[in-house]
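The values are calculated or read from the model by the stated rules, or taken from the named source; none is laboratory data. All of these numbers come straight from a predicted model, not from anything done at the bench. Using ideal geometry, Cβ is built from the backbone for each residue, glycine included, and neighbour counts are taken over all protein chains shown.
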């Protein structure tokens, strides 16, 4: 199966391959953002633990949506690991309420008009494989899935068809979601998000100049540094020794940029979801000179080595129980997440796609805020409070990350 998510600020892909093993809407969305944002920070810390100096950019919403949809077909301990790994407590929220909350969120995001935003899923099923009808119906109803019947043994034809679908859904930001397709694949699920937003206060292209970005105390790299002066919402977090800037898009979406005074690793270790809420509550508006580098990044993550450490272990092993998908024994053999981030004077673009495949087994004095050293980045929806994208810019010159 596969999921896709895309935004004008960033592009993300998450792929999983399976192998044979021979209530109230507002309250539901509120409970979901708390869980999703906690998952976002846990996943971020898991990613940076192996490569702390690299750029990071991913869509936690894409990954959590993919895993939640996957849980529709999981049973036993596999189901419990997925649900608890996402952060849900089955004694507080039922499976039905969890899936309904995701549906409410997806429908809410698709109804927004201030930005270009589209979310959904698609499932490709091998013409000889017969998943349980209830699983496909729930996937369609709860995760807005489109369905396609294909022949995975015709690898080139099917691969091109699926990549074309992803390219269309991400407006060309992800052109080769799938590089290789195993002919033994029996099902593949795509989850996509496309987000394109324009700054409420754009940067003037004529003010963009070449400047230096300080990767660390010894290393600098050249960047195209954008500049603007206007009233912005900011906050200085004394506990974290970091300045926070909010850049608004149209509608209720915004980007949060967090610039630490010291080593960014200190910020990374201390940061938690409640800080995002605190920053929004205590931000105040002042006039600032803002310098921000133009960005164009592509990231790719092999989550097979990350998710098990977060509690998702059985789904990758012969212990996997996906009896809700098929009577045939299947497991997740590959999990990949890819993303792109583009930030310029007019706005930002972020896209993300998650894929899963089954096979048989922030007179006045104007202060300056210059992002010329490593900083963290978040794209947040103020209405639902969900973090759509999250990451770290350690070296803008390093445009492609494979992990």
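Yes/no matrix, rows are residues, columns are (1) in contact with a strand residue (DSSP E or B) (Cβ under 6 Å, 6 or more places away or on another chain); (2) farther than 15 Å from residue 311 by Cβ:
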| residue | (1), (2) |
| --- | --- |
| 31 | no, yes |
| 35 | no, no |
| 46 | no, no |
| 51 | no, yes |
| 56 | yes, yes |
| 61 | yes, yes |
| 68 | no, no |
| 73 | no, yes |
| 77 | no, no |
>> I'd like to know if the stretch 267-277 contains one or more residues that are surrounded by 14 or more Cβ atoms within 10 Å (Cβ to Cβ) and closer than 20 Å to residue 213 by Cα.
In response: yes
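Under 18 Å from the mean Cα position of the chain (by Cα) and closer than 30 Å to residue 179 by Cα: does that describe residue 135? Before you say what the answer is, go through the steps one by one.
Numbers: under 18 Å from the mean Cα position of the chain (by Cα): no; closer than 30 Å to residue 179 by Cα: yes.
Spelling it out, it is not the case that residue 135 is under 18 Å from the mean Cα position of the chain (by Cα) and closer than 30 Å to residue 179 by Cα.
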>> Please go through (1) assigned to a helix (DSSP H, G or I); (2) under 28 Å from residue 338 (Cβ atoms) for residue 297 and return the number of the only condition it doesn't satisfy.
In response: (1)
> Among (1) within 23 Å of the chain's Cα centre (by Cα); (2) assigned to a strand (DSSP E or B), where does residue 267 come up short?
Replying inline: (2)
> Which number in (1) crowded, with 20+ Cβ neighbours inside 10 Å; (2) under 28 Å from residue 210 (Cβ atoms) marks the one condition that residue 289 misses?
Replying inline: (1)
> Which of (1) assigned to a helix (DSSP H, G or I); (2) modelled with pLDDT of 95 or more is the odd one out, the single condition residue 292 does not satisfy?
Replying inline: (1)
>> Among the residues of the stretch 138-179, what is the count of those that are surrounded by fewer than 17 Cβ atoms within 10 Å (Cβ to Cβ), in contact with a helix residue (DSSP H, G or I) (Cβ under 8 Å, 6 or more places away or on another chain) and assigned to a loop (DSSP other than H, G, I, E, B)?
In response: 3
>> Looking at (1) in a loop (DSSP other than H, G, I, E, B); (2) in contact with a strand residue (DSSP E or B) (Cβ under 9 Å, 6 or more places away or on another chain), which one does residue 124 not meet, given that it meets all the others?
In response: (1)
> Would you pick out the residues in the stretch 132-168 that are closer than 23 Å to residue 108 by Cα, at pLDDT below 95 and out of contact with any strand residue (DSSP E or B) (no Cβ under 7 Å at 6 or more places or on another chain)?
Replying inline: 168
> Can you name the residue in the stretch 12-51 that is crowded, with 17+ Cβ neighbours inside 10 Å and not in a helix (DSSP H, G or I) and, of all such residues, is modelled with the lowest pLDDT?
Replying inline: 12
> Can we say residue 195 is in contact with a helix residue (DSSP H, G or I) (Cβ under 6 Å, 6 or more places away or on another chain) and either buried (at least 23 other Cβ atoms within 10 Å of the Cβ) or modelled with pLDDT of 85 or more (or both)?
Replying inline: no
